[in-house]
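Before any comments, here is the structure.
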Amino acid sequence: MILNRLYFISLKIEASFVTALVNILISVLLSENGGLYMYVSRMGKPGEIFYEEVKTPEADGKNVLVKIHAVAICGTDKHGFMDGSMEGQIWGHEYSGTVIDPGEAEGLKAGDKVAVFPNHPCHKCEFCKAGLTNLCPTVFRGTGGSSAASEYQLVPPYNVIKIADSMTFDE
């Protein structure tokens, strides 16, 4: 059974937000379907979150296929929920999971626990070349077209960080 855990960074989360998250968790738990399809959770109009069934991503030999176990809810997600600015987007870009297929990632194998770094720097500017990717002027924050409020995600190898087996997914 899918055991996605949702965590709140803010202690002041409106009751409607909590109710929407509980509904999402229930939908994810009910999505056992042989792996062909999975549920994703999308932001709707202000105060709305909905879910839909989509095709489960397949390993492509390049990116890392991750089964998601824990998702954090950050301020961006909360604001997107409240003001509708993320309408239609899959939310959640801070998460951890298990490697299903490592693709071209060096040092990873199926079964490894991982966390995902949600930024996409250019890797070409002076900051990136110096290892300061957080200062990249063109960095894209988030995980792109598919985010963590789903069961699986394909992630570029650069964004996957192996974590210790002794760590839990929510640490």
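General observations
- Tensor-based shape of the range 67-133 (alpha-carbon gyration tensor, a/c under 1.5 rounded, otherwise prolate or oblate): oblate
- Checked against a 26 Å cut-off, the cross-linked pairs K55/K109; K62/K129; K78/K129; K45/K67; K67/K129; K45/K113 give Cα-Cα distances beyond that limit for K78/K129; K45/K67; K67/K129; K45/K113.
- 5 angstrom amide H check on V64, placed H, neighbours 5+ away: V155
- In angstrom, the C-alpha Rg and Dmax of the range 34-145 are 15.9, 46.
- Label point distance in nm, L36-I161, each placed 7 Å from Cα along Cα→Cβ: 3.8 nm
- Using θ = phi - 60° in the Karplus curve 6.51 cos²θ - 1.76 cosθ + 1.60, the 3J(HN,Hα) couplings for the range 60-75 round to 10, x, 10, 7, 8, 8, 10, 8, 7, 10, 9, 10, 8, 10, 9, x Hz; x is entered for Gly and Pro.
Each value in this text was obtained by applying a stated rule to the coordinates, not by laboratory testing. Predicted model only: the values in this text are computed from it and were never measured. With ideal geometry, Cβ positions are generated from the backbone for all residues, glycine too; neighbour counts draw on all protein chains shown.
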